[in-house]
Amino acid sequence: MIGQQYLLLPGPTPIPDRVLRAMNRPMINHRGPEFRDMLYEVTRGVKGIYGTDQNLLIYPSSGTGVLEAAVVNFISPGDKVLAVSIGVFGDRFAAIAQNFGAEVEKISFKWGEAADPHIIKEIIQKDKQKQIKAVLITHNETSTGAFNDIKAVKQAMQDHPALLMVDCVSGLGALEFNMDDWGVDVALSGSQKAFMIPPGLGFMAFGNRALEIHRNNTNHRYYWDVTAGLNYLEKGQTAFTPAISLIYGLQEALVMMAEEGLDNIIQRHRNYRDMVRAAIGELGLELLAPDQHASTALTAVLAPGRSGANQIRSKMLNRFNIVLAGGQLELDDVMFRVGHLGYVRELDLLAVIAALEITLLESGFKVELGAGVHKAQQYILAR
Ligand SMILES: *Cc1c(COP(=O)(O)O)cnc(C)c1O
């Protein structure tokens, strides 16, 4: 098929040409001065996106790798952990902690909803002996398109000493996050979502309180050890061979993010969310997450009659070269997800809405052609 593919997944996301070109460079010595300068620059840049002045390590890893890194560095076997889940990724964080010996109490909220800070507050207040060592939670739940109010969760913890550990893999850079202001202790992210670079880098930010706890941590680890990571970072190196090409890409992506400005980036993602939700609502399709918890990174759309989502996706791919994500686990075929994070333009989303109208009509659903596009156009004009 001619032309570019519209990759509207919640990761991997489209890569700007500037980033592709930046990655297409020869290798350098990862223990030499050029790499040192680059590592310091990108470390500073990623810290800026997190809103932290504390510690940051970059690993060659998928996002799940750094979730595991957080568990093995900051949670010891036998530690009591409160895992808050609103979907697949909340469950994953809980499962990792469980696998590494934590005593996990998991509270789950209905898929599509956000966690209720009042319920977290009740559990925390009952823990008079301060046995809970960490609270694990997802920032943006990619499986449902809902996000958690991390600031409110931290406030709900009051002065409880448990570490607040947040999976920000799909939220960081697409949705507001202020690690130090909000009092988050550990925050994990990855390259393939809002950072506009390919999969393969994991970011782990952690505060000094978490670092103190790490010093007495008894979990098994080698590759992920943050003491080693920080010792090497002092010399401008990583403990093990870094993904140099991806770091070239990260360096360029951070320049692009600085040019646009973080506040503008977050606002752009809010606009995408509101535009997509308005247009899809106009087509009579139901959205999984309610407005107040709706993610700016992706929108989860229920198929008409709650089945046939995969057929809609394959028609979008075969006819229009548009790639949408499916539903995970019990939401497979029930819904599809439109990723609108990272290097995505308004124009791409207008095209997706137009193509979706045709696809729905051809699939036998009652759709007024142009209704969704019209709504999106009105949204753009009114802004
Ligand atoms: C993408 C994602 C991850 C990590 O997934 P990987 O496939 O390991 O990169 C973790 N948490 C959330 C919320 C995600 O969206």
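As a quick test, which of the pairs Lys130/Lys154; Lys47/Lys151; Lys133/Lys193; Lys110/Lys375; Lys128/Lys154; Lys106/Lys133 have an alpha carbon distance above 20 angstrom in this structure?
Values: Lys130/Lys154 16 Å; Lys47/Lys151 18 Å; Lys133/Lys193 29 Å; Lys110/Lys375 30 Å; Lys128/Lys154 17 Å; Lys106/Lys133 14 Å.
Beyond 20 Å: Lys133/Lys193; Lys110/Lys375.
Taking only complete DSSP H runs, can you tell me which helices of the chain stretch 18 Å or more along their own long axis by Cα positions and average at least -0.5 on the Kyte-Doolittle scale? Write out the running numbers ahead of the final one.
Numbers: long enough: 33-50 (26 Å, -0.43); 244-260 (24 Å, 0.91); 262-282 (30 Å, -0.80); 346-362 (24 Å, 1.57).
Going by DSSP H runs, the hits are 33-50, 244-260, 346-362.
Rounded, prolate or oblate, given the Cα gyration tensor of the range 17-258, with a/c below 1.5 counting as rounded?
Numbers: a/c = 2.10, a/b = 1.56, b/c = 1.34.
Taking the square roots of the gyration eigenvalues as a ≥ b ≥ c, the range 17-258 is prolate.
Among the DSSP beta bridges whose two residues both lie in the range 17-258, what percent are antiparallel, rounded to the nearest 5?
Details: 13 of 32 bridges.
So the antiparallel bridges in the range 17-258 amount to around 40 percent.
Would you calculate the separation in nanometres between label points at Asp159 and Asn318, each defined as 7 Å from the Cα along the Cα-to-beta-carbon direction?
Calculated label separation equals 6.4 nm.
Modelling each spin label as a point 7 Å along the Cα-to-Cβ direction, I'd like the Glu260/Arg306 distance in nm, to one decimal.
About 3.6 nm separates the two model spin labels.
About the Cα centre of the chain, how large is the charge dipole given +1 on each Lys and Arg Cβ and -1 on each Asp and Glu Cβ? Please answer in debye to the nearest 20. Intermediate values should be presented prior to the final figure.
Details: 36 positive and 41 negative charges, 73 e Å.
The dipole magnitude comes to about 340 debye.
No value in this document is a laboratory result; all are computed from the given coordinates. These figures come from a predicted structure and were not determined experimentally. A quick note on method: Cβ atoms are made from the backbone with ideal geometry, for glycine too, and the neighbour counts reach across all protein chains shown.
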